[in-house]
Each structure stands twice: as structure tokens, then as C-alpha cells.
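Undergrad: Before we start, here is the structure in question, set down as C-alpha cells.
The values are calculated or read from the model by the stated rules, or taken from the named source; none is laboratory data. Just so it is clear, the structure is predicted and the values come from calculations on it, not from any experiment. Quick reminder, even Gly has a Cβ in these numbers, built from the backbone with ideal geometry, and neighbours come from all protein chains shown. These accessible areas exclude ligands, DNA and RNA; they are computed on the full protein's heavy atoms, side chains included. Shrake-Rupley method; radii C 1.70, N 1.55, O 1.52, S 1.80 Å.
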Amino acid sequence: MDDLKQKYLSAIADASDEGALEELRLQAVGKKGEVSLKMRELGKMTPEERQTAGPALNALKDEINSALAAKKVALEDAALDARLREEWLDVTLPVRPQRQGSIHPVSQVWEECTTIFGDMGFAVAEGPQVETTWYNFDALNIPDHHPARAEMDTFYMHRAEGDERPQNVLRTHTSPVQIRSMQAQGAPIRTISPGRVYRADYDQTHTPMFHQVEGLAIDKDISMANLKWVLEEFFSAYFGTKVKTRFRASHFPFTEPSAEVDIQCSWENGTVKVGEGDGWLEVLGSGMVHPHVLKAGGVDPAEWQGFAFGMGIDRIAMLKYGIPDLRAFFDSDLRWLRHYGFASLQVPTLRGGI
Ligand code: PHE
């Protein structure tokens, strides 16, 4: 009996993991274990023998069981210690750099435009980028063979062989949205239409895709004076400083009279500052909506009149953020954005100032 005790207690003490411990448990006190077999032999003993052997075997079984339990706890503790040592985290290590996105300047300026004009009561109206020639040209008083069609470097969409319908175009300006808005809402109307436009052109100040925001205000007595006020109010809010405008007589088929609008600026060492000095910079085309255009939109020119303008979003973004090459907007990777400090959307409003 003492041999058994010696054998198991030392084996338990030496067990290196819980699997080995379970093995020993089965060998010693499992159903067919050595101690259990010995207990079965009690039946064959004389009562006297049994009186000493019985309690001794029970004591041995208890002793082995508690040795097993104690070793199990010790092994678990050791395993936990080992894990804690292995899975140790250095919380003082610097974090891995995270890639951070930022808003594109064009998106930001788009947002600024809709906010500022929104404050003045203009709703946003959008139209398709693939447009019929009727909306892009005819309805805007640009008939077939009018030089303006050729001047716009239009992208034409293909038609299937034998399809005789007029080709669609990638809209060359946001002005077709004027017609769609008038058709949809009638007069009076105050809308702005920001969007992508397309012309086959590529250099420092032209990309084949760029962005315009169209403005349209139709009512009983809207005049060029209202146009001038709206634009000066817009530019002042947008640039965060009082900006004067200069109207130069011009020609667009869809407005009469027409004006190109310049904003006040100074040129110093090749950099432009808006809202000061005695220089001027052209930023948009505008005018009083031509009666033919009102008619095409289903609005009666005898009753209604109004102004329209079309402004380059990319262009005013370049001016505000000092970006010299338009192609930077569309060709480069994101690193240059960081250079210009584009992180979050800060939208100037008329009410709160900048
Ligand atoms: N659609 C003109 C352009 O793209 C701009 C414009 C819009 C001019 C509205 C007058 C009125 O150049």
C-alpha cells in the first residue's frame, strides 16, 4: 500500500500537464485503476483484514484524489502565468499610423455653393450627364449649325448602326438643367444646379470633365440688379471677404442681354488675392434668360423673366485654395490634398459668417 502511495504521489508531483494528470487519475482511482481493483479485493478478505485494509485504502484514495486536485490547480496557475508572460502587451509602443481620407476640394466647394445659395433661397436641381442635343443645345437657343455647337468641343455618344435618332452628348454645361427645372416646376423658380460637365479640352486650366454650378431665378420682375446682388453676396460669403464684381457685355445664345462676370482681385508675385486690389478675374457667364429658352421650358415670356448664370466650381476652388493647375484635381494622388489642408468640411454660411 505504501508502495502505491509513493508511486502515485511522486508521479502526480512530476505530471507536466493536465493530460498526464488525467492519465494518472485513471490508472490509480479510475474504475479499473489500481486502487479501485484493490478495493474490490476487500470482499475476499477476512473481516479482520478488512478492518484495517478498508480504511487504509479509503485514506489512500482520498490522498491521491486531493493530490490530483492540488496538482490540477497548480498546473492551471502555471499555464495562466505562462500565457500572461507570452501575451504581454507593450502599451507604450506608438500606434501604427492610420490612413486618413479627406474631402476633395471640388466636393467641398460644391457643398459650400449649395449651402450659401441655399441660405439665399435657391433649391438644388440636378439633371443627367448624358443629355439629348435638344436639352443641351436646341432648347437653349443653339440651333443646328450654330457656331456655339462647334465651339463647345462636344463629346458625342455612339448610336448603334442603323439607329437614326440624333446622337446624345455628354452635357457641355449645366444649362440644360434650366430647361428641365422649368419644365418640372414652372415659374416662379429659384434653383442652382451643380454638376459634372464635359468638353474635349486638356491643359493647365482645362480638363475634359469639370464642374459647373448653374443658377436660375425666374419671377415677375427679376432683373440684372438682382443677379449682381446675388453674385456679390455669394462671392463675399464664399471668399470670406467683401468681393466686388464687374459685368462685361458678352454673348450667349440663351441669355439676352448677356454678361461675363469678373471678381475683384490683386496679383502679387504671381499669386491672386480675391476681394482686394484693382485687378479682375473672369469667373462666370450670365444674363437674362432668353424668351426662346423660357418658352422651351414651358414658361410664358410675356409673364415671367429672370436671370441665369453658370460658374466653374473647379475654377473658384482653385482661386480660394491657391491651386495653380486644374489637372491636380483629377490626376494626382491624395498627398497633395494634405498640402492644402483638406481634412474636414468647413462650410461658410451667410448667417454665421466664415
Ligand atoms: N452655359 C454657359 C457656359 O457653359 C454659362 C452660362 C450659363 C452663361 C447661364 C449664361 C447663362 O459657358
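Undergrad: Per residue, what accessible area does the chain have, given a 1.4 Å probe and all protein chains present, in Å²? Kindly include the intermediate steps, with their values, before the conclusion.
TA: Details: 20010 Å² over 354 residues.
Solvent-accessible surface per residue comes out at 57 Å².
Undergrad: Let me ask something additional. Got a number for carbon plus sulfur as a percent of the chain's accessible area, 1.4 Å probe?
TA: 52 percent
Undergrad: Per-residue ellipticity at 222 nm for the chain, helices alone: DSSP H runs ≥ 4 residues times -39500 (n - 2.57), over residue total, nearest 500 deg cm²/dmol? Don't skip to the answer; put the middle values down first.
TA: Working: 13 runs with 147 residues, N = 354.
After summing the helix terms and dividing by the residues of the chain, the value is -12500 deg cm²/dmol.
Undergrad: Another one. Within region 86-136, which chymotrypsin sites (Phe, Trp or Tyr not before Pro) sit in a loop by DSSP and count at most 15 neighbouring Cβ atoms inside 10 Å?
TA: Numbers: sites: Trp88, Trp110, Phe117, Phe122, Trp134, Tyr135; in loops: Trp88, Phe122.
Here the sparse-neighbourhood loop sites are Trp88.
Undergrad: Here's a follow-up. For the chain, with only Lys/Arg (+1) and Asp/Glu (-1) charged at the beta-carbon, what is the dipole magnitude about the Cα centre, in debye rounded to 20?
TA: Value, rounded to 20: 560 debye.
Undergrad: Let me ask you something else. Looking at region 82-124, which GluC sites (Glu not before Pro) are DSSP coil and have at most 16 other C-beta atoms within 10 Å of their C-beta? Could the numbers behind the result be given before it?
TA: Working: sites: Glu86, Glu87, Glu111, Glu112; in loops: Glu87.
Answer by residue number: Glu87.
Undergrad: Right, another one. For region 141-219, run through the trypsin sites (Lys or Arg not before Pro) and keep only the ones in DSSP coil with at most 13 other Cβ atoms within 10 Å of their Cβ. Write out the running numbers ahead of the final one.
TA: Values: sites: Arg149, Arg159, Arg171, Arg180, Arg190, Arg196, Arg199; in loops: Arg159, Arg171, Arg199.
Counting only loop positions with at most 13 other Cβ atoms within 10 Å, the trypsin sites (Lys or Arg not before Pro) in region 141-219 are Arg159.
Undergrad: Can I ask one more? Dipole size in debye (nearest 20) for region 33-148 around its Cα centre, Lys and Arg Cβ +1, Asp and Glu Cβ -1?
TA: 1180 debye
Undergrad: Turning to a different aspect of this structure: Starting from the amide H of Phe307, placed 1.01 Å from N in the peptide plane, find each other amide H under 5 Å away whose residue is 5 or more places distant or on another chain.
TA: Amide H to amide H, under 5 Å and 5 or more residues apart or across chains, Phe307 pairs with Ala217, Val289.
Undergrad: Something else now. Name the residue from Ala150, Ser266, Ile12 whose Cα lies farthest towards the positive end of the charge dipole of the chain, charges +1 on Cβ of Lys and Arg and -1 on Cβ of Asp and Glu.
TA: Farthest along the dipole direction, towards plus: Ile12.
Undergrad: Also, I was wondering about something else. Determine, from the Cβ-Cβ distance of Asn226 and Ala82 and an R0 of 56 Å, the FRET efficiency 1/(1 + (r/R0)^6), rounded to the nearest 0.05. Spell out each step's value before the answer.
TA: Numbers: r = 80 Å, r/R0 = 1.43.
About 0.10, to the nearest 0.05.
Undergrad: Where both partners of a DSSP beta bridge lie in the chain, what percent of those bridges are antiparallel, to the nearest 5?
TA: Values: 48 of 50 bridges.
Expressed as a percentage, antiparallel bridges in the chain total about 95.
Undergrad: So what is the relative contact order of region 1-96, in percent, for Cα pairs below 8 Å that sit 6 or more residues apart?
TA: 30 percent
Undergrad: Additional query: List the relative contact order of the chain as a percent without decimals, with contacts defined as Cα pairs under 8 Å and 6+ residues apart.
TA: Computed value for the chain: 16 percent relative contact order.
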